Amino acid sequence: MSFFYDGFRRPILSMPPSNRRSLFEDPREDLLSVFLLQVFTTLILSKILAKILSFIHQPAVIGQILAGIILGPSALGFIPGFSGFLFATHTLISFQLISSLGLIFFMFYLGLKMDPNEIKQGWRRTLPVASASIIVPVGVGFVVSLWLYRMAAVGTDKISFILFVGRKFHLYIYMNIIFYSIIQVQASVLQHFRF
């Protein structure tokens with residue numbers, strides 16, 4: 001470190017040139033800058049689309065879904081260099097981690113606002129839906145496992161193969177389709193309607 005003096009002979013601390021940051025350096029090299037740019041772009045586009053869709057009386061979650069479609073590989077992802085600039089592969093891990101943590105905190109927040117009396121009163125409506133969300137994927141998994149057992153001709157017991165593949169198929173469907181897409185939409189809709 002070195003000291004410079006201003007016009008009144010007071011020392012001014014100066015950092016070594018290696019630690020200085022240029023005003024015009026590439027922000028894509030700094031993970032925090034890229035993360036903040038990703039969050040800013042996602043939030044602004046979500047809010048704009050939610051405001052536009054509010055004129056036709058749609059919940060904000062529809063705008064969020066459309067923002068995900070637009071920013072994802074389905075729309076702007078076809079533009080060469082867009083995904084590499086805004087959503088580079090080395091930055092997606094931190095973005096997905098923070099978004100998952102945000103979803104967890106949001107679900108805890110909704111859980112704190114839930115009224116236990118409403119849950120007790122609405123069990124007749126929720127029990128069939130919850131049961132169907134388990135029975136249907138397991139049933140599809142069992143049917144697929146029968147088809148796979150005939151196709152693969154493995155040397156294992158048929159019952160254990162059906163149970164194993166059926167359960168794994170159920171977990172695959174439940175974790176990928178229900179957990180990663182529907183829970184986020186349901187949480188946003190619940191908050192939109194003030195439940």
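So here's what we get for this one:
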| item | result |
| --- | --- |
| Some residue of region 161-171 being within 30 Å of Val39 (Cα to Cα) and either assigned to a helix (DSSP H, G or I) or in contact (Cβ under 8 Å) with a residue 24 or more places away in the chain (or both) | no |
| Neighbours by Cβ (under 9 Å, 6+ apart or cross-chain): first from region 115-142, farther than 20 Å from Ile162 by Cα and in a helix (DSSP H, G or I); second at pLDDT below 80 and polar (S, T, N, Q) | Ile119/Thr126 |
| Every pair of residues 6+ apart whose Cβ atoms lie under 6 Å, when the first sits in region 71-100 and is free of Cβ contacts under 8 Å to residues at least 40 places away in the same chain and over 20 Å from Ser33 (Cβ atoms) while the second is among the small types (Gly, Ala, Ser) and surrounded by 13 or more Cβ atoms within 10 Å (Cβ to Cβ) | Gly77/Ser83 |
| Some residue of region 175-185 being within 30 Å of Asp30 (Cα to Cα), modelled with pLDDT under 80, not assigned by TED's automatic domain parsing to the domain that holds Ala50 and not polar (S, T, N, Q) | yes |
| Failed item in (1) of a type outside the set (Val, Ile, Thr); (2) in contact with a Ser or Thr (Cβ under 9 Å, 6 or more places away or on another chain); (3) modelled with pLDDT under 80; (4) in a loop (DSSP other than H, G, I, E, B), with Phe24 passing the rest | (2) |
| Failed item, numbered, when Gln64 is tested on (1) loosely packed, with under 14 Cβ neighbours inside 10 Å; (2) in a helix (DSSP H, G or I) | (1) |
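The values are calculated or read from the model by the stated rules, or taken from the named source; none is laboratory data. Since the structure is predicted, the reported quantities are computational estimates derived from the model, not experimental observations. Virtual Cβ from ideal backbone geometry, glycine too; neighbours counted across all protein chains shown.
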